[in-house]
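Chemist: Here you go, one structure.
Coordinate-derived values only; no laboratory data. Just so you know, these numbers come straight off a predicted model, no measurement behind them. Ideal geometry is used to build each Cβ from the backbone, glycine not excepted, and the neighbour counts take in all protein chains shown.
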Amino acid sequence: MIRHLLSAADLDADNATLVLDTAAEMANLAGREVKKLPTLRGRTVVNLFYEDSTRTRISFEAAAKRLSADVINFSAKGSSVSKGESLKDTALTLQAMGADAVVIRHSASGAPHRLATWVDGSVLNAGDGTHEHPTQALLDAYTMRARLGRLDGLAVAIVGDVLHSRVARSNVLLLHTLGARVTLVGPPTLLPVGVDAWPAKTSYDLDAVLPDADVVMMLRVQRERMDDAYFPSVREYSRRYGLDAVRMRKLPEHAIVMHPGPMNRGMEISPDVADSPRSTIVEQVANGVSVRMAVLYLLLGGQHK
Amino acid sequence: MGHPRTAGPAAGKTILTSAELARVVDRIAHQILEKTEGARDCALLGIPTRGVPLARRLAARIEAFEGNAVPAGVLDITLYRDDLRLRGTRALGPTSLPTDGIDARRVILVDDVLFSGRTVRAALDALKDLGRPRVVQLAVLVDRGHRELPIRADYVGKNIPTALTESVHVLLTEVDGLDEVRLEEKH
Amino acid sequence: MTTYLIKGAAIVDGSATDLLIRDGVVAAVGRDATGRGAEVIDADGLVALPGLVDLHTHLREPGREDAETVESGSRAAALGGYTAVCAMANTDPVADTAGVVEQVYRLGRAAGLVDVQPIGAVTVGLAGERLAELGAMATSAARVRIFSDDGHCVADPRLMRRALEYVKAFDGIVAQHAEEPRLTVGAQMHEGDVSARLGLTGWPAVAEEAIIARDALLAEHVGSRLHICHVSTAGSVEILRWAKQRGIRVTAEVTPHHLLLTDTRAESYDPVFKVNPPLRPSADVAALRAALAEGVIDVVATDHAPHAVEDKECEWGYARPGMLGLETALSVVRSVGLSWDAIATRLSRVPARIGGLTEHGQDPAPGVPANLTLVDPAATWTVDPAALASRSRNTPYAGMTLPARVVATFLRGSPTVLDGKAVR
Ligand SMILES: [Zn+2]
């Protein structure tokens, strides 16, 4: 197994499948009365969050605690290099504390890669800037597999602000590794220059993509993007790229609707779609804990001291 | 886990042949029947990898001798091991318990080789998180000695005194394609 | 003053000869050159080049003496074979008055390791709003001829036009850092495949090319000289070729790092590879090498940009852009295949002419100021950041083994480097 999980590209098909299979066993254990496992007793997992993300932090915290790891929450919210301690100083502190794993969330792309050069423990990327969010991609893949029974050959449409989305980047890489066919959909302004090199197709036309999609994943689109002229108005965006009940009818019967959260209801997804039985949004949260348990177990269990 | 062991001709000394192994399994089945009043309220839980087919064989033999069905399940202990740091991550296997659970039952853990006792300790820990059996017992095909914990087996197929430089390999058709027990010098 | 007799150096036309250096000038050239009491330097197998001239150096003093000083930067320059460097204006305070440029000029004289020629800011505080007192800087003791807001682009086309026109009065030249700022808001690296993958905001080639095209047309319109700093894209090369064919008086520089390194270096997220303009894909690197060979790009300039450790040992997005260059430039350009004559042209003769540094950039001949450097063409060396003379460590070449080593540098007849070591 790999030492760090910095990018979804760190996982080959065998390792990715191992994570998903392990997560499935973890999910079985979650049904027991005694949920706690002794596996990582005596290990220290640090949650180093430079960005406010209660959902992701709690998910990692629950995962680590169910495996009996000691969890230290190191919230660096609001701090930047300009004021206070630098990432390197923090890394050296964590190193001195003997952190076995550091889960890092940071607004700067590549911050986990830097951290990995300064600490001996495993580094888990819990979202870095506009780069990647590999455990989100794993839990999305897990959810797809659980709902649809397979990933190989699945048609997945990822819709919205691909340019700024770490979820999209990680999903494209992981889904491609696992044999799914990804189509990225959005206004041309929100698809990055250089997207042609990704293992995915692109489209500007959501209505044309929906009839063949097994999965449609709606990305969060921040209203402020309008101010930078990525699109003219919220109304025009949601008319062209939002998923509402009318548009959802274009999907095949079996298709599911995903969203990494937090949602902008009324922007990229309408409330009735978000709450429909085809939406997996609640499952995604539950699956997040199982997937993160699997990742922690495989990364930490695999360490040779 | 479950890697088939290569069975080359020069690979050590045969301790039990296929026929002998079958007789040993029968003997354990008889011992269980004797000591448990016909295996009433018993559940056999195999410890992966080779404990699982052994538990199934024992259940089948008990049913053949006595006519009563004994449930055989699987207890995966991977997450309870204390040697993860040393031996690295393994893939998890499923745990499957009898449909009506293990509470108040006599649970017999089944494994192929009893050595340090650490596997059994992990199994006891795992069991504790799953329910509250009335009695827990242990059945092993081979006891090779060298215990590191105060653990003993209730049913032993064969005692094989070994040196620490040796290793005992139990091969079972379900996993390895043949039935045999071998003693090898470690390299 | 010591007299030196350099014996057996190959001058760039290829022949080995002896050079007598006395009273700050080359006194004699040829196998019969002799000097009574001269200290003899055995230069057998070495190449003698006119001392290198850098049109683009950041010395950081005043303001960031923790990263570099005029003295430490001068020492790095001398070790790299330079005898003159042009110090960029983005110091703190900005070199936008006669006072600051004279201060830098005097610090350079005091260090005495290379000639430090200050560059003056085009606009007050590099703010791009009002012209700085360009004439006062030109007539100061520093005799400024190159003006640049480098680090920033003179983005306002009207202001750029005025600057180009105004400096004609004293034969000045505006050196433009070509970067349309509205196209590079938040930019971190070249915009392309790699930036898309790494999730780093892209710096599109067009942001450079659009400014070069605009400024070439402005220079043509007002009949001025224009210099383009650190050209980094194939598209820029095409525009420069077109402008030169049209007779526009434009010159251009390329950095050693843009001739050697590509944008894939960003994959490590190690900010030692963060620079502005950013490292580009290999197709651009190839076009830049060809343009230099062809003369569409006139000179190699280092854009030596020292940065303190805390500005580089951090997240990519928070790091300052820039790389050390003075001590590695000669070896890097040699590694990409420049001949010794091309090196003399692109790193000495032409930059001296563009910068109006009349004492520099001349091949050794009787009566010429003795600014020259001796290079061992057969030596190789491995770049160790800790061993560099710069106060900073941000070299992108750490661990690389490069060809050619500077053995000695002479500034007006005095050695600043001997046996590969700084004299002081
Ligand atoms: Zn610049």
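Chemist: Look through the range C:314-348, keep the residues that are free of Cβ contacts under 8 Å to residues at least 60 places away in the same chain and of a type in the set (Gly, Ala, Ser), and return whichever of them is farthest from the other protein chains (Cβ to nearest Cβ).
Modeler: The first filter runs over the range C:314-348 and keeps only residues free of Cβ contacts under 8 Å to residues at least 60 places away in the same chain, leaving C:314-315, C:318-321, C:337-339, C:342, C:345-346.
After this cut, where a residue has to be of a type in the set (Gly, Ala, Ser) as well, the list is C:319, C:337, C:339, C:342.
Details: C:Ala319: 9, C:Gly337: 29, C:Ser339: 36, C:Ala342: 34 Å.
Of everything passing the filter in the range C:314-348, C:Ser339 is farthest from the other protein chains (Cβ to nearest Cβ).
Chemist: Something else now. Please find, among A:Ala91, A:Ala101, A:Ala126, the residue that is under 22 Å from A:Ser165 (Cβ atoms), among the aliphatic types (A, V, I, L, M) and surrounded by 17 or more Cβ atoms within 10 Å (Cβ to Cβ). Talk me through it step by step, then tell me what you get.
Modeler: Details: A:Ala91 fails: under 22 Å from A:Ser165 (Cβ atoms); A:Ala101 fails: under 22 Å from A:Ser165 (Cβ atoms).
It is A:Ala126.
Chemist: Just wondering, is there one or more residues in the range C:243-262 that are in contact with a Ser or Thr (Cβ under 8 Å, 6 or more places away or on another chain), within 14 Å of chain A (Cβ to nearest Cβ) and not in a strand (DSSP E or B)?
Modeler: Checked the range C:243-262: no residue is in contact with a Ser or Thr (Cβ under 8 Å, 6 or more places away or on another chain), within 14 Å of chain A (Cβ to nearest Cβ) and not in a strand (DSSP E or B).
Chemist: Give the residue that is surrounded by the fewest Cβ atoms within 10 Å (Cβ to Cβ), with candidates limited to residues of the range C:280-314 that are within 14 Å of the ligand (Cβ to nearest atom) and of a type in the set (A, V, I, L, M, F, W, C).
Modeler: By that ranking, first place goes to C:Ala305.
Chemist: Can you pull out the residues in the range B:71-89 that are over 30 Å from A:Val295 (Cβ atoms) and part of a loop (DSSP other than H, G, I, E, B)?
Modeler: Taking the range B:71-89 as the starting set, the residues that turn out to be over 30 Å from A:Val295 (Cβ atoms) are B:71-72.
B:Pro71, the sole residue that qualifies.
Chemist: Further question: Quick check on the range C:198-217: of everything there that is in contact (Cβ under 8 Å) with a residue 24 or more places away in the chain and under 23 Å from A:Leu6 (Cβ atoms), which residue is farthest from the ligand (Cβ to nearest atom)?
Modeler: Applying the filter and picking the extreme gives C:Leu198.
Chemist: If I filter the range C:320-347 down to residues being among the β-branched types (Val, Ile, Thr) and assigned to a helix (DSSP H, G or I), which single residue comes out as farthest from C:Glu310 (Cα to Cα)?
Modeler: Taking the range C:320-347 first, the residues among the β-branched types (Val, Ile, Thr) are C:328, C:332-333, C:336, C:343, C:345.
Remaining after also requiring assigned to a helix (DSSP H, G or I): C:332-333, C:343, C:345.
On the way: C:Val332: 26, C:Val333: 29, C:Ile343: 34, C:Thr345: 37 Å.
Here the answer is C:Thr345.
Chemist: Can you name the number of the only condition in (1) touching a strand residue (DSSP E or B) at 6+ places or on another chain (Cβ under 7 Å); (2) more than 14 Å from every other protein chain (Cβ to nearest Cβ); (3) charged (D, E, K, R); (4) more than 16 Å from the ligand (Cβ to nearest atom) that C:Asp150 fails?
Modeler: Exception for C:Asp150: condition (4).
Chemist: Output the qualifying pairs, or none if there are none: Cβ atoms under 6 angstrom, residues six or more apart or on different chains, first residue in the range C:249-269 and within 20 Å of C:Leu198 (Cβ to Cβ), second residue outside any helix (DSSP H, G or I) and among the basic types (Lys, Arg).
Modeler: Hits for this filter: C:Asp263/C:Arg280.
Chemist: Restricting to the range C:55-83, give me the number of residues that are outside any loop (DSSP other than H, G, I, E, B) and touching a helix residue (DSSP H, G or I) at 6+ places or on another chain (Cβ under 7 Å). Full working, then the answer.
Modeler: Within the range C:55-83, the first condition is being outside any loop (DSSP other than H, G, I, E, B), and the residues that meet it are C:55-57, C:70-79, C:82-83.
With the extra rule that they be touching a helix residue (DSSP H, G or I) at 6+ places or on another chain (Cβ under 7 Å), the set shrinks to C:55, C:57, C:70-71, C:74.
Count: 5.
Chemist: While we're here: Which one is surrounded by the most Cβ atoms within 10 Å (Cβ to Cβ) among residues in the range C:231-251 that are small (Gly, Ala, Ser) and more than 12 Å from C:Asp215 (Cβ to Cβ)? Let's see the steps before the verdict.
Modeler: The initial filter retains those residues of the range C:231-251 that are small (Gly, Ala, Ser), namely C:232, C:234-236, C:243, C:247.
Narrowing the set further to residues that are more than 12 Å from C:Asp215 (Cβ to Cβ) leaves C:232, C:234-235, C:247.
On the way: C:Ser232: 29, C:Ala234: 19, C:Gly235: 18, C:Gly247: 8.
Result: C:Ser232.
Chemist: Here is a further query. Within the range A:240-305, which helices (runs of 4 or more DSSP H) (wholly inside it) include 2 or more residues that are within 14 Å of another protein chain (Cβ to nearest Cβ) and crowded, with 23+ Cβ neighbours inside 10 Å?
Modeler: A:281-301
Chemist: When only residues in the range B:66-94 that are under 20 Å from A:Thr17 (Cα atoms) and more than 7 Å from every other protein chain (Cβ to nearest Cβ) count, which is nearest to the chain's Cα centre (by Cα)?
Modeler: Here the residue is B:Asp76.
Chemist: Another one. Looking at (1) closer than 26 Å to A:Met26 by Cβ; (2) outside any helix (DSSP H, G or I); (3) of a type outside the set (Lys, Arg), find the lone condition where B:Asn68 falls short.
Modeler: (1)
Chemist: All but one of (1) under 25 Å from C:Leu374 (Cβ atoms); (2) away from the ligand (no atom under 16 Å from the Cβ); (3) in contact with a Pro (Cβ under 7 Å, 6 or more places away or on another chain) hold for C:Val336; state the number of the condition that does not hold.
Modeler: The one condition C:Val336 does not meet is (3).
Chemist: Is it true that B:Leu97 is over 20 Å from A:Leu40 (Cα atoms), within 14 Å of chain A (Cβ to nearest Cβ) and touching a strand residue (DSSP E or B) at 6+ places or on another chain (Cβ under 6 Å)?
Modeler: yes
Chemist: Let me ask something else about it. If a residue counts only when it is away from every other protein chain (no Cβ under 11 Å) and hydroxyl-bearing (Ser, Thr, Tyr), which helices (runs of 4 or more DSSP H) contained entirely in the range A:44-145 have at least 1 such residues? Give the derivation first.
Modeler: Numbers: elements: A:54-66, A:87-97, A:111-116.
Correct list: A:54-66, A:87-97.
Chemist: Quick check on the range C:164-192: of everything there that is among the hydrophobic types (A, V, I, L, M, F, W, C) and away from the ligand (no atom under 16 Å from the Cβ), which residue is nearest to the other protein chains (Cβ to nearest Cβ)?
Modeler: Among those residues, the one meeting the criterion is C:Val185.
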